[in-house]
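Undergrad: Below are the structure tokens for one structure; questions will follow.
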Amino acid sequence: MYYEFLPNADTAITVQFEKKISDEINGYVTALAEVLQGSAIPGIIELIPTFSSLTVLYDCSVIKAKELKDKLAELIGGMQVGRSGKSVICNIPVCYEPEYSPDMENVCAHTGLSREEVIALHTSKPMLIYMLGFLPGFAYLGGMDERLATPRLKSPRLEIFEGAVGIGGNQTGIYPVASPGGWQLIGKTPVKVFDPHREAPILYRAGERIKFYSVTSEEFDRISELVRRGEYTPEITEAE
């Protein structure tokens, strides 16, 4: 497989695989991160995966750049690449009803699909988390049905509500906190995908998958109350 080491200040090395967005290339990133997490290489502080690269932050007083590159090259040469085995799936409830989907009509008009068809396609399959970025817990998902692709808003909103589920181009995702944004909003989840007070603040990791499922307003309110009381955890499943 192709890869290269890119300099990244004096305490980080970026392993860059082929620069394209694909399940295969992202599989190399995930595989290397998993191997590094299980390795005994000293001095590694943090791993930052993206669509096609992995940045390794390290303590330069513990391990030098050349030594780390040599160890990374050895690991890459021996690792199993691509995706294999079971996929972890985080099942996220979404209410697609009008009060939570201000841009559903835009998506329907652009795609030629009905509201029911948009919901059916959006909830039809698990989608790969390529990377986390932009906001803490914002997952860039791949694998959305191409029929749902809709351009971002021409004028971004100054604030999007927490839990908003939107479409931006050929991607979809969840806004973990209230923030500016330009994605087309088609629903809202009652789940707090990011909570700084939890032991694990973010519910999922890059390389895992998210599957949305539709809930009514009544179910949304019920789950919201459970979330408020700290009594709700999304179902985690596995699939081959």
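Coordinate-derived values only; no laboratory data. All values reported here derive from a predicted model rather than from experimental measurement. Neighbour counts run over all protein chains shown; Cβ positions are idealised from the backbone, glycine included.
Undergrad: In debye, nearest 20, what is the charge dipole magnitude of the chain about its Cα centre with +1 on Lys and Arg Cβ and -1 on Asp and Glu Cβ, if you could check?
TA: Working: 23 positive and 32 negative charges, 85 e Å.
Using Cβ point charges on Lys, Arg, Asp and Glu, the chain gives about 400 debye.
Undergrad: Here is a further query. May I ask you to evaluate 6.51 cos²θ - 1.76 cosθ + 1.60, the Karplus curve with θ = phi - 60°, for each residue of segment 203-220 and list the ³J(HN,Hα) values in order in whole Hz, giving x for glycine and proline?
TA: Using θ = phi - 60°, the values come out as 6, 9, 10, 4, x, 8, 10, 10, 10, 8, 9, 7, 10, 7, 4, 5, 5, 4 Hz.
Undergrad: With each run of n ≥ 4 DSSP H residues scored as -39500 (n - 2.57), what mean residue ellipticity at 222 nm is computed for the chain after dividing by its residue count and rounding to the nearest 500 deg cm²/dmol?
TA: Working: 5 runs with 57 residues, N = 240.
Counting only the DSSP helices, I get -7500 deg cm²/dmol.
Undergrad: With a Förster radius of 22 Å, plug the Cβ-Cβ distance of ARG152 and SER179 into 1/(1 + (r/R0)^6) and report the FRET value to the nearest 0.05. Working shown, then result.
TA: On the way: r = 14 Å, r/R0 = 0.65.
It comes to 0.95.
Undergrad: I'd like to compare 15-28, 151-164: which one has the highest average count of other Cβ atoms within 10 Å, and what's the full order after that? Present the calculation step by step, with values, prior to reporting the outcome.
TA: On the way: 15-28: 17.3, 151-164: 14.6.
So the peptides 15-28, 151-164, ranked by packing, come out 15-28, 151-164.
Undergrad: For the chain, what's the relative contact order in percent, using C-alpha pairs closer than 8 Å and at least 6 residues apart?
TA: On the way: 485 pairs, mean separation 51.1, N = 240.
Result for the chain is 21 percent.
Undergrad: How big is the shadow of the Cα convex hull of segment 46-116, averaged over all directions, in nm²? Write out the running numbers ahead of the final one.
TA: On the way: hull surface 37.6 nm².
Computed as one quarter of the Cα hull surface, the answer is 9.4 nm².
Undergrad: Considering just Cα atoms, how many Å³ per residue does the convex hull of segment 3-78 enclose?
TA: Working: hull volume 5.9 nm³, N = 76.
Hull volume normalised by residue count: 78 Å³.
Undergrad: For segment 87-239, compute the orientation-averaged projected area of the C-alpha convex hull (one quarter of its surface), in nm². Before the final figure, lay out the partial values.
TA: Values: hull surface 33.5 nm².
Its average projected convex-hull area is 8.4 nm².
Undergrad: With +1 assigned to the C-beta of every Lys and Arg and -1 to the C-beta of every Asp and Glu, and no other charges, what is the dipole magnitude of segment 32-140 about the Cα centre in debye, to the nearest 20?
TA: 560 debye
Undergrad: Continuing with this model, one more query. Run the Debye formula on the Cα coordinates of segment 195-240, all scatterers equal and no solvent, and tell me log10 I(q)/I(0) at q = 0.17, 0.18, 0.20 1/Å.
TA: Listed by q, the Debye log ratios stand at -0.66, -0.74, -0.88.
Undergrad: Packing-wise, with mean Cβ within 10 Å as the measure, how do 211-221, 167-177 rank, highest first?
TA: Highest mean packing first, the order is 167-177, 211-221.
Undergrad: Rank the residues HIS110, HIS197 as a footprinting-exposure proxy: fewest other Cβ atoms within 10 Å of their Cβ go first.
TA: Details: HIS110 15, HIS197 7.
So the ranking, lowest neighbour count to highest, is HIS197, HIS110.
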